[in-house]
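A short write-up of the structure that comes next.
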Amino acid sequence: MPILAVGGALLLAGSLTGSASAAPPLSTAIRIVGDSHGFVAVAETVTGHGTVVDTFRGFLGTIRLAGQPGSTISVQVVTPDARGRGSIRVRLGTAGPRSSLAGADQTRNLADLGVAATAVAAPVPAGGTPWISTCVNINVLGGAVQGSGCNNVYKTHVAGQDWHLSNEYWASAALTAWQGPLGLHLQGVAFETTWHPGNTIYSVAPTTTQPFGACTPWTVTASGTNNGITAGGSISGQICPSTLGPWNLRLGSTYPNSGAIWTGNVQGVANYQGAEGVQLVHSPPGVMANWDDYYTINYCNGICF
């Protein structure tokens, strides 16, 4: 799945601090798969309310996840190009069994990650207590970028094994220190969800790109009708300059997906830059409600306006 490239020059190996633990990696309930890019599991906490918190560290930094046991994580890295544009993407694969699974909600997940929702300007989903919620927290690029994101999946209509779901998600990130005019810039924050074959996305938001001249409270809303069932979902947060728009909008593919992306050019320490979006999904009988979440940051270093 393609990753958006953005600008500036950063020597990853030379400018990043920290290294993977010399001890053997832990066997955790959330497994890392594929190219780990040096990340290894270093800690796990069983929360006692249906989720686990797993910590992965490597030379790029730290990734922490609050999610369902049996999930998988993978990391995709686009190293800086000649103009210094690079990106880091974290994928979390989740299987939603057709049961009355009680997962933690967003507030509890963020608390389990040690993240204050007010500190990261976490958008508020309208769906109330979700069926399943997963959250990610990162501290990467030598500690220069920190961020979080959550996916909240709700059962909006259930008729036996025929389910209609609402996915209300968000992602945010910020620089931790002033980098100087030729230093690190944060240029994109994105979140998307891809569903496995047999599941159908029938309505999403956002679908168009909206410009912002100042940080503004903003609500993203989706509604639609599928097989005679009308449903809706929304999420409210703050969007800062420059834009909020759709990200990897492919509703009719075998693996349907959609997402939202914030774009801008942040140099100094500022408000958390973030994206938010909604999906409405039909998961019919005989189909696993499985999905993959992707949290992405795009950055550059230098003159990259």
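Coordinate-derived values only; no laboratory data. Everything numeric here is computed off the predicted structure, so don't read it as measured data. Here the Cβ positions follow ideal geometry from the backbone for every residue, glycine too, while neighbour counts run over all protein chains shown.
Just a few scattered comments:
- When the charge dipole of the chain is built from unit charges on Cβ atoms (+1 for Lys and Arg, -1 for Asp and Glu) and taken about the Cα centre, the candidate among VAL90, TRP170, THR219 whose Cα reaches farthest toward its positive end is VAL90.
- Cut-off 13 Å between beta-carbons: net charge of the residues surrounding SER234, Lys and Arg +1, Asp and Glu -1: -2
- Helices in the chain, meaning DSSP H runs of at least 4 residues, each add -39500 (n - 2.57). Divided by all residues, the mean residue ellipticity at 222 nm is -1000 deg cm²/dmol.
- Cα gyration tensor shape for the chain, rounded if a/c is under 1.5, else prolate or oblate: oblate
- Cα gyration tensor category, rounded, prolate or oblate, for the stretch 104-223 with a/c compared to 1.5: prolate
- Residue of TRP131, TRP163, TRP178 that the Gaussian network model of the chain assigns the largest fluctuation, springs spanning Cα pairs under 10 Å: TRP178
- Cα centroid separation - the stretch 121-145 against the stretch 221-296, whole Å: 13 Å
- Extension gain, ARG31 to VAL46: 0.36 nm times the residue separation minus the Cα-Cα distance gives 4.0 nm.
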